[in-house]
1. Would you kindly calculate the mean projected area, averaged across all directions, of the convex hull enclosing the Cα atoms of the chain, in square nanometres?
2. What relative contact order, as a whole-number percentage, does the stretch 347-396 give when Cα pairs under 8 Å and 6 or more residues apart are counted?
3. Sticking with the crude label model, points 7 Å out along Cα→Cβ, report the distance from Lys133 to Ala467 in nm, one decimal please.
4. From Cα pairs below 8 angstrom and at least 6 apart in sequence, can you work out the relative contact order of the chain, rounded to a whole percent?
5. Tell me, what % of the accessible area of the stretch 81-237 is carbon and sulfur with a 1.4 angstrom probe?
6. List, in the order given, every pair from Lys555/Lys604; Lys41/Lys121; Lys555/Lys609; Lys433/Lys609; Lys121/Lys270; Lys94/Lys270 whose Cα-Cα distance in the structure shown is over 31 Å.
7. Put a dot 7 Å past each Cα toward the Cβ at Trp229 and Asn479; how far apart are the dots in nm?
8. For the pair Asp634 and Arg9, how long in nm is the line joining their label points, each one 7 Å along Cα→Cβ?
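The values are calculated or read from the model by the stated rules, or taken from the named source; none is laboratory data. On a predicted model such as this, the values are computed, not experimentally measured, just so you know. Ideal geometry is used to build each Cβ from the backbone, glycine not excepted, and the neighbour counts take in all protein chains shown. When the accessible area is computed, the model is the full protein with side chains, heavy atoms only, and any ligands, DNA or RNA have been set aside. Shrake-Rupley method; radii C 1.70, N 1.55, O 1.52, S 1.80 Å.
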Amino acid sequence: MDRFEVPARVSDGSSSPVPTMAAYRKAFMDATNDPDAFWLKVATERLAWRTPPTIGLEGSYHTIAESPLRWFGDGRLNITESCIDRHADAQPDKVALLWEGDDPADVRKITYGELKREVSKAANALRELGLKKGERVIIYMGMVPEAAFAMLACARLGAIHSVVFGGFSAEAVRDRVRDCGAEIVITQDFGLRGSRTIALKDVVDRALEGEHGVNKVLVFQRTGGDVGWSPDRDVWWHEAVAAASDDCPAVECSAEDPLFILYTSGSTGKPKGVVHTCGGYLAYTSYTHEVVFDLRPDDVYACVADVGWITGHSYIVYGPLANGCTSLMFESVPTYPDAGRYWDMVDRHGITIFYTAPTAIRALAAQGDSFVTRSSRRSLRVLGTVGEPINPDAWRWYYDVVGNGQCNIVDTWWQTETGGMAIAPIAPATATKPGSATLPLPGIVPVLMDDKDRIIRGPGEGRLCLAQPWPGQARTVWNDHARFVATYFTHYVGYYFTGDGCRRDNDGYHWITGRVDDVINVSGHRMGTAEFESVLVSAEAVAEAGVVGFPHPIKGQGVYAYIVLQPGQAASTELETALQKILRAQIGAHAKVDLFQFVPGLPKTRSGKVMRRILRKVAEGEPEKLGDISTLADPGVVEAIKAGAKRLA
Ligand code: PRX
């Protein structure tokens, strides 16, 4: 198995608290043996507190059903003072957000001094609109700096934001507005991506039809195109924010007050609102951002994710700004105007750390090396990946072609629920292996469970659990703590169950094998198969639907839908198109079926349970590996499914 030592260019000159393997081992042992002392030190040293905490963890996985975990419970702060004010005082002219718009020539540089003024103005405008501490705000925007201002403005007032990815449909926005009881929605007229415009305000208007809970919609003007307008409800950002004072004292919060809610998919049809709190989340994202990437004072750091996902929260906005670094925000897509966009951008801005997803790496590799080699990429030092397993071929292309064999690759495994990176190389310290997320970060104690729920010691493969709490961990599901406990803490009592499978090799390196539940990961977008199924069966022609993932060369996983039609209905490409349209309307543009197969029935046991294993094996092209099917009510269905199996063209 290939092993890549850390290139000298990466290990030399680190100023990080964890610059070597020896330092990593010590930090790991300290955080495992005395987590309170370790994390209190991290939190008090890294963040600006009004009242520094003296208490570490309260609660445990055994008592979590009665009360959520708490970290730094007696600490008081407003996280924007850590992310903005102290840097605005110490380095007002340093660029905080470096924005590159859809048009590569469209660049904005917002210094920490300006960030403080912009966020304060936005916060004052929101306060004028009636926003108070603890109230919820839905943010439905594209990748503009104002999206980050909006998040931080909520945090400045102690309000709770919930960013909804700009690809979600009106239905999905409405569900989230209702679930969190939002008072205010912040959006923009149109989004721009690869010269396409996305009618964000229009989606919000449709989402709010007949909804009475939302009092105000604050609208940032990106393109100036025509939008519908409700005069009593809608307010232009450029009017309200321009008129507001640029001095806004930050509202003091408890470390355990919620900072944001982020909806994510699980194995039921209904996405859940994962809740992160102020102190622990910021301490953890700040620590991991510095340690994993080996952040240095002059770095130009670029994470090209979207703020609609956890990666954008933790590693475009909160972690990087807490660390006072220059963080790039990218509005466009990797292939606009052509497949060299990222690497040209690296040269344009002197990017030193670049963080993206395997699906983008695979898509760009497929376009050929010339798009990469026309740039120098001289500035790059660390290359990160996140969101799904990276196949060794894509890893090598990233290492050899993009990084010229001189950068370390950090394959970072984590989840919306973990708040920050959990298993990942430490850039200056950890030798890497293509396809492995390597070693647990300090404070993370991975445990693999076998199929009899026994702990696997040493090398082996099983279900990944984490044994010990850490500060960045989600505290609950919004309005549904019982669901939080049932989803993560009942499969293995005393452990956090991740939903992922994992292999540990002889060196203790971790290889994530993918989800073991009914969650699929398409181009790094996490979706529940149950969400697809409930939308598909809502179509008149459909009686039953079974949806599974299958390996896809670019997207990582594709979506395979087995459809049982109502009597009298016939399969057709028109019907497939109609079903895609319904999915788009109910979930969003990213919810697309790659392969439809119309079947006479789903394989069910005599008790009526769908045997998903069979659906999965056929979709994966391994119909010979179905295993025992003797408990099926009608084995004949399987033959029909096997005979009609679909493949990508
Ligand atoms: O299956 C794992 C996969 O993405 C899931 C989490 O998705 P989400 O909450 O949307 O967060 C994505 C960004 C952190 C995980 O359960 N995943 C994430 N990173 C990796 C990964 N799988 C393998 N390797 C990774 N580096």
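1. Details: hull surface 112.2 nm².
Approximately 28.0 nm², given one-decimal rounding.
2. On the way: 45 pairs, mean separation 29.4, N = 50.
So the answer I get is 59 percent.
3. 4.0 nm
4. Details: 1471 pairs, mean separation 89.2, N = 649.
Reported as a whole number, the value is 14 percent.
5. Numbers: 2380 of 5480 Å².
Ligands and nucleic acids excluded, carbon and sulfur reach 43 percent.
6. Numbers: Lys555/Lys604 29 Å; Lys41/Lys121 33 Å; Lys555/Lys609 29 Å; Lys433/Lys609 40 Å; Lys121/Lys270 36 Å; Lys94/Lys270 42 Å.
Violating the 31 Å limit, Cα to Cα: Lys41/Lys121; Lys433/Lys609; Lys121/Lys270; Lys94/Lys270.
7. It works out to 3.2 nm between the two label points.
8. Inter-label distance under the simple model: 6.2 nm.
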